[in-house]
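Structure record follows, encoded as structure tokens.
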Amino acid sequence: MAEFKPKIVVFACNWCTYAALDLAGTSRMKYPANFRVIKVMCSGRVDPQFVLEAFKQGADGVIVAGCHPGDCHYVNGNMKTLRRMTMLKKMLEEMGIEKERFRLEWISAAEATKWVQVANEMVEQVKALGPLKPRLEVKE
Amino acid sequence: MKPVVVVGGGIAGIQAALDLADQGVKVYLVEKSPSIGGRMAQLDKTFPTLDCSSCILTPKMVAVDRHENIELLTYAEVKEVVGEPGNFKVKILKKPRYVDVDKCTGCGQCVMKCPVKVPNEFNLGMDMRKAIYIPFPQAVPLKATIDPEHCLYFTKGVCRVCERFCPPKAINFNQKPEEIELNVAAIIVATGFSLDDARKRGEYGYGKYPNVYTNLEFERLLSSTGPTKGEIVRRSDGRHPKKIAFIQCVCSRDELTNKYCSAICCMASTKEAILAKEHLPDVECTIFFMDVRAFGKGYQEFFERAKQEFGVRFVRARPAKIEEDPKTRNLIVYYEDTETSRFTKEEFDMVVLAVALRPILPESLVKSGLIQPDNYGFADVPEMYIEPVRASKPGIFVIGVLQSPKDIPDSVIQAGAAAMRAAIYAISG
Amino acid sequence: MSEEIRIGVYVCHCGLNIAGVVNVKEVVEYAKTLPNVVVAKDYVFMCSAPGQAMIKEDIKEHKLNRVVVAACSPAMHEPTFRGVLGDAGLNPYLFEMANIREHCSWVHPDDKEAATEKAKELVRMAVAKARLLEPLEKIKSAVRPAVLVIGGGVAGLRATLDLVERGFDVYLVEKRSVLGGNAVKLGELAYTTLTGKDVVNSLVEKIKANPKAHIFLNSEVEKVDGSIGDFRVTVTRRLGEGKEEKIELNVGAIIVAIGYDPYEPAIGEYGYKTTDKVVTLFQLMDILSEEGPTKGELLIGGIRPKSLAFILCVGSLSTTPNAKPYCSRMCCSASLKTILKIKEKYPDIDVYVFYKDMRTYGKEEDLYWKAIENEVKFIRFDEAPSVKPRDKFVEVEAFDTTIQERIAIPVDAVVLANGMVPATDTEKIRIMLKIGCGADGFLKEAHLKLRPVEALTDGIFLAGVATGPKNIIESIASGSAAAAKAATIVTKEEIEVEPLIARVNEDMCSGCGICAALCPYEAITIEVKEDGKRISKVNSMLCKGCGTCAAACPSGAMQQSGFKDNQVMAQVVATFRGE
Ligand SMILES: Cc1cc2nc3c(=O)[nH]c(=O)nc-3n(C[C@H](O)[C@H](O)[C@H](O)COP(=O)(O)OP(=O)(O)OC[C@H]3O[C@@H](n4cnc5c(N)ncnc54)[C@H](O)[C@@H]3O)c2cc1C
Ligand SMILES: Cc1cc2nc3c(=O)[nH]c(=O)nc-3n(C[C@H](O)[C@H](O)[C@H](O)COP(=O)(O)OP(=O)(O)OC[C@H]3O[C@@H](n4cnc5c(N)ncnc54)[C@H](O)[C@@H]3O)c2cc1C
Ligand code: SF4
Ligand code: SF4
Ligand code: SF4
Ligand code: SF4
Ligand code: SF4
Ligand code: FES
């Protein structure tokens, strides 16, 4: 059987996390090729529906990431994300999606290293869990 | 409306150029080195908010490059200025890059192939660059430059490897210096600073003991684009330090070198100690200081955080000397703790010196009497209370560290002030 | 009726930066198989002049109406390529980038196969989004070529003078009956014989001579509506005998320069107000000024002191329970300056300085050297000194950390170097203008380092001590800097803002107000229509395009242009499959 290559969707805010990923590139850091980044202006734009849809489509994991508390380019969009994603986490667990498959992270534009660390951890965790069975469709 | 010249492309010059250009004034920004950015481009993170220096600077640099009202003259210097407020004639010399900037895409192929290694100024000589180089990854303009002093073709007449590998055929060994003459309404000078020579305080052993660093070198050690890719390691053996001493007021507040206070180094060391702790959680950081000049907005709070949250130790003392243990290359700091009046010594495995800022006055403007040095060698502002950024001659403005030691926020504020005053000359010129 | 979608995909080699890792040809061939893609090409440097020319020609030749470039980060070249579309007559917002350099080739150099696979998928995601993009126009609004300045201290005065000299009408609104603010009370300044009043007068004279300056004394701003480029302002002027007048102004930008209040020690704090031998530095400066109560003679509590103790950090650095945690920045220098002026006039006077940290930063250090030369005695404390009024003298007691001993010094009078606290009206102004305050209570700048004179709300600028302690020189510089920012707006006839903002579909909106409660810029209001239907409305000049409202809208009525639900969802789906 072919090696399991998890696919992980990342929702990254334009001002911090997306820039951190750019910095990881300009600094020629290395991390696994399992991530697909979708840019939003602020993590506050991330509708929980987006995350659910990603799992439904076959994502093995999802990361929502933005600026550190207090650093959001739009004052406090990330705090609203925090609230929403905390609720979403519970919901995901109820749906039978292991909590290791979903992460909310604060990664500043300078923290390319933190991104690489999060990326490595996430791939490890998800690999350990194995592919996500398309359980969601049953629930709907 | 007449244009304005801004001399020096550090944060002060960049901001002045943007504030003028956004008012519809045409600006020529003249920078001596191949890229704008100045010292701020070399810093890792910045106090007191710890945001990454290049993350906040790069967008401004790109904005300068894209602005329709700004003409960027990098690798260029002002040769001569004559005239009166509202009507200065400025002669500018553009040095040849030996690279056609219209063709160069900044791909870096040439850099990879060039066989000659030269100490890298951007990393303060702590690693090597090539004879053809792009000073740092975020350089603006992102173009290669050949350093003719080291290039084999210019020194020995051989090589031309870069020419062979350059995809868009941008290399041009026949480029000549170019002279440009401008007629402008006002001149803003923002030529910044360099550190004083820390060897002047020989008792600290800089240049002699490998594990003694200047604070600017330490910034480069912290930075992921630095010589160690952000690893704090000792020059002598590449090991992580366990105990770092920061020594304040080196060549500042000092009768023998500079009597003034350099204004930024207390906060810079506080920041560097915090960052060292972030990089190496077990490292112990001690700051030897006389007074903590935490005067700016958010600075006192930052200082308190360093003590409480990060456990940085502050010792009120001016160390007398440093000795090196020749075996371990560790450093023994001798000092009198003024809060206990005890003479004592303590061993560290790395020392960072907070060295004084020295202004860089552009010769051509000093010679023509447009800028005058004050007692300390900074650009004088005779009407400081009413026109805080006006130089000895009206129509000439001096801002940033060139004018007095200062942090980024104050440099940016002065840039705005100079842009405002210069714009008034531009519209009536 | 929708037109046929025709997408062009351009994959850049970036020299070897991309092509050295990603199989660019394979990506191009893959792109050609995606729905709606009519042309796909690669080129060594897409951002170079020939690369741009190629895209422009294709737009015309292949009648492209969407363009996708797979290259570096959009942070680098999105504006460049948007410009290319514009030049070719296509709406610049019909463009999408796939980041296959920073997010792909540079970080996966060791796995060329995975990098190529990822690049293909990134292109597929970009194409999926591009298909749903809509043309957008920058939002334009006319600009009123006039500026409102609130506060007539040195900072507000400098800003006013600069802007009138630059040719704009300025309305200067000052609460008090005189201009100049706190500086007029400061007497002779350091390094000069100029007084604070001289500085103020030289500014005021020039302002009064300029017909563009409109000064409103005894006046306050009561209400501000509108936004950048077009603020509508109501000013109330007190006319005496309880009468008031209302003035309506229309300006393009606002500068807030409301300054500070000198810290007022509590009764008994360092003996303040329990004896007339304890004064604040601010009061002492007035005593020393020619126009002061004693015509410049040093008299405290009726006598000419032979010895003086200065206590620093009064009201600052948390030295007492009432004190603020921050440093007031100028009181060390202002104290030493005052001491040196006193020493010049009365050389025999003994001066003691009780300090916590001597913060004569930069060139001000000069004052410290001079004070030492003049035999001023310095005593360093960690714990605030205590002040005990005796019959004929006052005793100041402290633990001197340098000699590690408790000492008590009898002096004729004590000067409290009082710091600065936010002006009384700061809170009121903050709420009225919807701008922020920091934990220290001063107004907050958009970015502490790089945007120090801009408020978080566009079109509003901050000058002087309103944002935090400064001396006169720094306050004046920030006045000019704020004026420069205001000038960048009022020199334009029209301003443009990015159109990637929120928009409401009125038919779908239920008027629940969730969006309005979430918006950090108060850009959303709930309006009641004639038929009683409540709908949400976005002020396009206030919205910054964060998308928080769109994420929360339960009925899908609120959408963010460029990041609409269907556009993001299309990307999510395309992450996993082609259509
Ligand atoms: C170790 C260290 C850490 C610091 N950390 C911080 C911090 O965390 N936060 C903070 O606020 N501040 C910090 N600072 C201070 C900050 O670096 C300065 O405030 C800022 O760089 C000043 O900018 P400038 O434009 O005046 O000068 P510079 O940055 O020196 O720029 C001057 C520019 O002019 C060019 N130039 C020189 N001569 C000529 C000439 N003749 N013709 C044309 N161009 C010329 C130079 O090449 C340079 O590009 C730090 C400083 C040091 C030394
Ligand atoms: C004890 C002490 C000693 C000092 N000594 C020195 C010194 O020696 N040298 C030096 O350079 N600096 C000194 N300073 C600092 C100096 O006073 C300030 O830098 C300067 O006055 C700040 O000017 P400003 O315009 O920002 O504020 P302010 O002078 O406070 O002016 C603000 C103006 O706004 C007005 N205002 C407030 N609210 C409103 C409202 N709602 N509507 C309309 N108008 C309003 C006020 O009436 C006032 O006129 C000293 C300060 C103190 C406390
Ligand atoms: S000179 Fe040529 S090879 Fe060098 S960076 Fe420029 S385009 Fe690339
Ligand atoms: S010609 Fe000069 S710059 Fe070019 S590769 Fe050779 S040594 Fe380097
Ligand atoms: S800022 Fe601090 S370290 Fe720097 S010269 Fe002044 S007192 Fe010394
Ligand atoms: S400037 Fe000096 S007196 Fe004033 S608060 Fe700061 S340390 Fe204290
Ligand atoms: S997009 Fe953000 S700023 Fe705009 S209206 Fe919605 S919440 Fe407010
Ligand atoms: S902008 Fe990054 S989280 Fe809001």
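The values are calculated or read from the model by the stated rules, or taken from the named source; none is laboratory data. All of these numbers come straight from a predicted model, not from anything done at the bench. Positions of Cβ are backbone-derived with ideal geometry, glycine not excepted, and every protein chain shown enters the neighbour counts. SASA here: full protein model, heavy atoms, side chains in, ligands and nucleic acids out. Shrake-Rupley method; radii C 1.70, N 1.55, O 1.52, S 1.80 Å.
Within region B:381-429, track down each residue that is part of a loop (DSSP other than H, G, I, E, B), among the small types (Gly, Ala, Ser) and either open to solvent by 10 Å² or more (accessible area, probe 1.4 Å) or within 7 Å of another protein chain (Cβ to nearest Cβ) (or both). B:SER392, B:SER404, B:GLY429, listed by residue number. When the residues of region B:161-173 are filtered to those that are more than 8 Å from ligand 4 (Cβ to nearest atom) and more than 13 Å from chain C (Cβ to nearest Cβ), the one that is farthest from the chain's Cα centre (by Cα) is B:ARG164. In region C:569-579, of all residues being open to solvent by less than 10 Å² (accessible area, probe 1.4 Å) and touching a Lys or Arg at 6+ places or on another chain (Cβ under 8 Å), the one that is farthest from A:ILE38 (Cα to Cα) corresponds to C:ALA574.
Please determine whether any residue of region A:10-30 is among the polar types (S, T, N, Q), free of Cβ contacts under 8 Å to residues at least 40 places away in the same chain and within 16 Å of ligand 3 (Cβ to nearest atom). Yes, because at least one residue in region A:10-30 is among the polar types (S, T, N, Q), free of Cβ contacts under 8 Å to residues at least 40 places away in the same chain and within 16 Å of ligand 3 (Cβ to nearest atom). Based on this model, can you work out whether C:ARG406 counts as outside any loop (DSSP other than H, G, I, E, B), touching a Cys at 6+ places or on another chain (Cβ under 9 Å) and either more than 16 Å from ligand 5 (Cβ to nearest atom) or more than 14 Å from chain B (Cβ to nearest Cβ) (or both)? No: the conditions fail for C:ARG406.
Of the numbered criteria (1) part of a loop (DSSP other than H, G, I, E, B); (2) surrounded by 15 or more Cβ atoms within 10 Å (Cβ to Cβ); (3) assigned by TED's automatic domain parsing to the domain that holds C:LEU189, the one C:ARG430 fails is (1). Quick one: count up the residues across region B:103-126 that are open to solvent by 40 Å² or more (accessible area, probe 1.4 Å) and in a loop (DSSP other than H, G, I, E, B). Selection size over region B:103-126: 6.
Does at least one position in region C:89-110 carry a residue that is more than 30 Å from C:GLU493 (Cβ to Cβ) and surrounded by fewer than 21 Cβ atoms within 10 Å (Cβ to Cβ)? Looking for residues that are more than 30 Å from C:GLU493 (Cβ to Cβ) and surrounded by fewer than 21 Cβ atoms within 10 Å (Cβ to Cβ), one finds at least one in region C:89-110, hence yes.
So in region B:8-44, with the set limited to residues that are in contact with a helix residue (DSSP H, G or I) (Cβ under 6 Å, 6 or more places away or on another chain) and charged (D, E, K, R), which one is surrounded by the fewest Cβ atoms within 10 Å (Cβ to Cβ)? Top of the filtered list is B:ASP22. Name the single residue that is nearest to the other protein chains (Cβ to nearest Cβ) among those in region C:447-467 being away from ligand 1 (no atom under 16 Å from the Cβ) and surrounded by fewer than 23 Cβ atoms within 10 Å (Cβ to Cβ). Going through the qualifying residues, I end up with C:LEU456. The helices (runs of 4 or more DSSP H) located wholly in region A:1-99 that include 1 or more residues which are open to solvent by 50 Å² or more (accessible area, probe 1.4 Å) occupy A:48-57, A:77-94. Just the residues that are more than 9 Å from chain A (Cβ to nearest Cβ), under 36 Å from the mean Cα position of the chain (by Cα) and either at pLDDT 95 or above or on the phi > 0 side of the Ramachandran plot (or both), please, taken from region C:555-579. If the condition is that a residue be more than 9 Å from chain A (Cβ to nearest Cβ), under 36 Å from the mean Cα position of the chain (by Cα) and either at pLDDT 95 or above or on the phi > 0 side of the Ramachandran plot (or both), then C:GLY556, C:ALA557, C:MET558, C:GLN559, C:SER561, C:LYS564, C:ASN566, C:GLN567 are the ones that fit.
Among the conditions (1) of a type in the set (Lys, Arg); (2) touching a strand residue (DSSP E or B) at 6+ places or on another chain (Cβ under 8 Å); (3) within 30 Å of C:ARG451 (Cα to Cα), the only one that B:LYS345 does not satisfy is (3). Across region A:11-59, the number of residues qualifying as closer than 17 Å to A:ILE97 by Cα and of a type outside the set (Phe, Trp, Tyr) comes to 10. Examine region B:228-250 for a residue that is of a type in the set (Phe, Trp, Tyr) and under 27 Å from B:HIS150 (Cα atoms), and state whether such a residue exists. Looking through region B:228-250, none of the residues is of a type in the set (Phe, Trp, Tyr) and under 27 Å from B:HIS150 (Cα atoms). Residues that are open to solvent by 40 Å² or more (accessible area, probe 1.4 Å) and under 23 Å from the mean Cα position of the chain (by Cα) within region B:280-311 comprise just one, B:LYS297. For region C:535-552, residues that are outside any helix (DSSP H, G or I), more than 8 Å from chain A (Cβ to nearest Cβ) and closer than 22 Å to C:TYR93 by Cβ total 6.
Please determine, by comparing only the residues of region A:62-112 that are of a type in the set (Val, Ile, Thr) and more than 15 Å from A:MET41 (Cα to Cα), which one is nearest to the other protein chains (Cβ to nearest Cβ).
Filtering region A:62-112 for residues that are of a type in the set (Val, Ile, Thr) and more than 15 Å from A:MET41 (Cα to Cα), the one nearest to the other protein chains (Cβ to nearest Cβ) comes out as A:VAL62.
Residues of region B:142-188 that are within 30 Å of B:ILE399 (Cβ to Cβ), open to solvent by 20 Å² or more (accessible area, probe 1.4 Å) and either touching a helix residue (DSSP H, G or I) at 6+ places or on another chain (Cβ under 8 Å) or in a loop (DSSP other than H, G, I, E, B) (or both): B:LEU142, B:LYS143, B:PRO177. Right, B:VAL158: within 25 Å of B:SER364 (Cα to Cα) and either away from ligand 1 (no atom under 16 Å from the Cβ) or under 28 Å from the mean Cα position of the chain (by Cα) (or both) or not? Against the criterion (within 25 Å of B:SER364 (Cα to Cα) and either away from ligand 1 (no atom under 16 Å from the Cβ) or under 28 Å from the mean Cα position of the chain (by Cα) (or both)), B:VAL158 does not qualify. Is it the case that region C:484-503 has a residue that's open to solvent by less than 10 Å² (accessible area, probe 1.4 Å), facing another protein chain (nearest Cβ under 7 Å) and either touching a residue at least 40 places away in the same chain (Cβ under 8 Å) or assigned to a loop (DSSP other than H, G, I, E, B) (or both)? Yes: one or more hits. Taking the numbered list (1) in a strand (DSSP E or B); (2) free of Cβ contacts under 8 Å to residues at least 60 places away in the same chain; (3) away from every other protein chain (no Cβ under 14 Å) in turn, B:GLU336 passes all entries but (3).
Taking into account only those residues within region C:147-184 that are among the charged types (D, E, K, R) and outside any strand (DSSP E or B), which is most open to solvent (accessible area, probe 1.4 Å)? The selected residue is C:ARG176. Meeting the requirement of 3 or more residues that are away from ligand 7 (no atom under 16 Å from the Cβ) and more than 14 Å from every other protein chain (Cβ to nearest Cβ), the strands (runs of 3 or more DSSP E) wholly within region C:249-335 are C:278-280, C:307-314. Residues of region C:191-221 that are β-branched (Val, Ile, Thr) and open to solvent by less than 40 Å² (accessible area, probe 1.4 Å): C:THR192, C:THR195, C:VAL199, C:VAL200, C:VAL204, C:ILE207, C:VAL221. For B:ARG358, are the conditions met, namely being in a loop (DSSP other than H, G, I, E, B) and modelled with pLDDT of 95 or more? It is false that B:ARG358 is in a loop (DSSP other than H, G, I, E, B) and modelled with pLDDT of 95 or more. Working only within region C:18-34, note down all residues that are in a loop (DSSP other than H, G, I, E, B) and of a type in the set (A, V, I, L, M). Of everything in region C:18-34, those that are in a loop (DSSP other than H, G, I, E, B) and of a type in the set (A, V, I, L, M) turn out to be C:ILE18, C:ALA19, C:VAL21, C:VAL22, C:LEU34.
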